[in-house]
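Notes follow the structure.
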Amino acid sequence: MVLRFFPEEARSQVAIEELATRITRFLAARNLSARLTAFVELKEWTASSAPSGLGAGLSRLETFLDLMEYQTELRSLFQLAIREILTEIRSVELFAEAGLHPREGLWTEALRRLTERILPSAREDTDLCKLVNRLYPTTDAIDRLIQRSDETFERIAHVLAPKHDARVWDRQSEDLEQALLLLAVHVAGLGLSPVLRARNHQWPIQKSPYYRLQESTSELVRDSGAAKDLAVWRSRVQDVRQELEYARETMEDSGVSTALVFDIWTISHALARMESIVDALFVAEPYQTVAAVKRLLDDVMKSHRDDLSLRALFRANSELMARKIVERSGKTGEHYIANTMGEYRAIWKASLGGGLLTVLTAAFKMRIVDAHLPPFFEFITAGTNYALSFIVLQHLHLALATKQPSVTAATFAGIVRSSSGKERLDRVVEFVSRITRSQLASAAGNLLAVFLGCLIFAHLWAWYFSRPYLDIPSAEHVYQTLDPVASGTAIYAALTGLLLWISALVGGWFENFAKFNHIPKAISEHPLRKVFGAERMKKLAGLVDANISGWATSIALGYLLALVPAFGKVLGIPMDVRHVTLSTGTLVLAAASFGKEWLYRGWFIRTLFGIAVTFVLNLGVSFSIAAAVGLKAYGVSRADQYRIMRYTLKSFVKSPGRFLIPPL
């Protein structure tokens, strides 16, 4: 009877009797299935927060450990039973594949996970994955294990196996070595795939960092972690990471797919796990071993939990899509940011031109609104007006402030990905200061030009036609719709910010599709070159390559801006958009209709607040969404996000001038 190992005064305690029963059942088990079931029940008892029944203030785990450390005979019997488990259990799959195996399509994978949650596990008892599921069924349970002190962690290990008998763990050590070799093969297979080879340095296969890492891993395992081999292996890991960074850089020119982003993420994750395995197997100092084992267990156990979780599946897919967006557009926003006074002046010039072009767009918009066309025809005409205006703006190299934040935010996310610590904070502040002054310059140029342009246009129209461009009812309607309190201006402006981000997303998708599938090259080599000539087809290919993103963004934004109000009319609900530059233009046209009464009962002042709200929400919403997608893509924690925000605000308070005026 196991109960005889407990002190006499503690035997009356119910909890102690429960512990004795569980230990007895575990020691009496005669096959692996029964032994594992009894072991899980014993673990559940030690994990409970209920009183232990032995020793004031001791947790159940501490009670169990004290008992095992005090009772030598009982500990020997317990360790013998644990040895039986360790010789039969296999852990290669857990360490080599958890979180890293190729996935099926989203819905196929979701159905598989749902089935595994409903039905009992079909895994063999010898599979460590099944035991992990039973011992630590939740992420919180895993966290409680990993967060235990190193001293407690070592006590648990010594209770499970004799302190000076390393051979107990031979089977697990062999499995870790096998997992390490499998991970090296997996990394090499992904790194040497055609899609990644096309984006890496053009190495001969035998000199590729991925191939050499596989060779180095084999040598490391063969020589049991010799110091020389370990140093070479770590340098090979660093070579692979540099190759991955080079692949990310080449994505800007060669395009990216979701599968490619997933492969790069998988390689990075596999490298981190390989380092944890190597540290756990081959480091010399015990305190380093405990930390490495904790890091490794935390990784594989949570990754395995995620492999079974529907929530984790959808979260991972959303992060994967976010990373695809950011990896592709991380540099496209740079030309919207002024770094020198010359670039700052260029932004002013382009924005003034963009504002002048918007005068005609706003004028045509009001004519379309006044025509009271059926919703579909209003959508087509208004969308075409916007889209053509944006395309002309693009080809004349003019700027519209509201189109910029969604792509500049991708650059912001790239900074967050490629740096950390104080360096990241300083780079973010410098970037935010540059983008803020660039955006203010662009917006000021747009608004100044559209204000003066519409004012001149309205006066010329009134002089030539002897009547205002807008009649009084239309002008009153403009004043009413721009009122920030009495209308839905704030909601519509925020919605427009969302549309600005979506249009940039569409543009990035089309550009990426063209790059990834080599559309420009296909155009230049099309059989039509026999008809039009090779040189003309080459120029057409260059035109498509340079402008496809802008065309797609302009067309998408134009028709999205027209779709919302038309869709609202069809549904019979108030839906509209508020674009700051267009709204400013229509406001000036309306004010000109009132002549000397342009204040019109003080409404004009309220509409100016509406313009300010529209400006903030247009830019703020589109930038915030794009930045949030970028931060999500790289798993930046909320704590780090708040830290970045606080540091940026402090920098602004300390030196606001750098956020407003560029250095001379």
Legend entry - Debye, to nearest 20: dipole size of the stretch 330-659, +1 on Lys, Arg Cβ, -1 on Asp, Glu Cβ: 940
Legend entry - Relative contact order %, the stretch 330-659, counting alpha carbon pairs below 8 Å whose residues are six or more apart: 31
Inset, instruction - For Asp127, list long-range residues whose amide hydrogen, built 1.01 Å from N in the peptide plane, is under 5 Å from its own amide hydrogen. - result: Arg90
Inset, instruction - Hey, could you grab the Kirkwood Rh for the stretch 169-264? Inverse mean 1/r over distinct alpha carbon pairs, Å, one decimal. - result: 14.2
Legend entry - Residues of type lysines that Lys349 reaches as a straight line, Cα spacing below 22 Å, ignoring anything fewer than 8 places off in the same chain: Lys403
Legend entry - Net length gained if the chain between Leu460 and Asp150 were fully extended (0.36 nm per residue, minus Cα distance): 103.5 nm
Inset, instruction - Give the order of Met537, Met645 when sorted by the count of other beta carbons within 10 angstrom, beginning with the fewest. - result: Met645, Met537
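What is the order of Phe567, Phe431, fewest Cβ neighbours within 10 Å to most? Intermediate results must be reported in sequence, preceding the final value.
Working: Phe567 13, Phe431 18.
Final ranking by Cβ density, sparse to dense: Phe567, Phe431.
What list do you get for Tyr210, Tyr70 if you sort them by fewest beta carbons within 10 Å?
Values: Tyr210 25, Tyr70 11.
By the 10 Å Cβ count, ascending: Tyr70, Tyr210.
Taken together, the values in this text are just the output of simple stated rules run on the coordinates, not laboratory data. Because the structure is a prediction, the values reported are computed rather than measured. Every residue, glycine among them, receives a Cβ derived from its backbone with ideal geometry; neighbour counts consider all protein chains shown.
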